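Just below is one structure, and these are the notes that go with it.
The values are calculated or read from the model by the stated rules, or taken from the named source; none is laboratory data. A quick note: this is a predicted structure, and the numbers were derived from the prediction, not measured. Neighbour counts run over all protein chains shown; Cβ positions are idealised from the backbone, glycine included. Remember, those area values only see protein heavy atoms, side chains included, never the ligands or the DNA or RNA. Shrake-Rupley method; radii C 1.70, N 1.55, O 1.52, S 1.80 Å.
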Amino acid sequence: MKLTGQQQIPASRDLVWKALNDPAVLQACIPGCQELVKLSDTQMNATAVIKVGPVSAKFQGAVTLSDLDPPNGYRISGEGEGGIAGFAKGGARVHLSDAEGGQTLLRYEVEAQVGGKLMQLGSRLIDSTAKKLAGEFFEKFAEVVAPSPESEGDGEDKPKGKWWKFGKA
């Protein structure tokens, strides 16, 4: 399954890049993510509970950042085991570019594969769930990174928005 999309984020490309590399922000934005632990600058372990149709499973796995091109983009890949539900693996290529008004355009291309019991649910259900989860992630990401009214105009080059919730204010 492949899907593409874009999200306009009301923050500078440098701030968006910092957020894309912050495990606390990623954890807050990944639907169902219960834990995301940074092992190195490019490796993390994740635990997420995902529901696809009637099947709900807790996935544990690894997340890898590769093809790093700061602050223009990277590839994020993940692979997880969900017990009897099966496995899921996939990745996203993320591209950042400047947009009008100091904003950033985040474009993404997502690929995903599932196996085991999840595969029996059918590609339509899996595809619609993947689109929904990707949309939720990028919408939440834009919300978290967007400047909050009290942080606008302070002139500091630091993450803003709702990052205060994640210890980044």
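Some observations on this one:
- So THR104, is it more than 19 Å from THR47 (Cβ to Cβ) and among the hydroxyl-bearing types (Ser, Thr, Tyr): yes
- The residues of region 50-74 that are loosely packed, with under 14 Cβ neighbours inside 10 Å, modelled with pLDDT under 95 and either polar (S, T, N, Q) or under 16 Å from the mean Cα position of the chain (by Cα) (or both) amount to a single one, SER56.
- Region 76-107: number of residues that are under 18 Å from the mean Cα position of the chain (by Cα) and closer than 17 Å to VAL145 by Cα: 8
- Taking the criterion of being aromatic (Phe, Trp, Tyr) and open to solvent by 30 Å² or more (accessible area, probe 1.4 Å), the only residue of region 81-136 that qualifies is PHE87.
- Scan of region 27-49 for residues that are more than 20 Å from MET119 (Cα to Cα), aliphatic (A, V, I, L, M) and either touching a Leu at 6+ places or on another chain (Cβ under 9 Å) or open to solvent by less than 70 Å² (accessible area, probe 1.4 Å) (or both), ordered by number: ALA28, ILE30, LEU36, VAL37, MET44, ALA46
- Hey, GLY90 in contact with a strand residue (DSSP E or B) (Cβ under 6 Å, 6 or more places away or on another chain) and under 15 Å from VAL114 (Cα atoms) or not: yes
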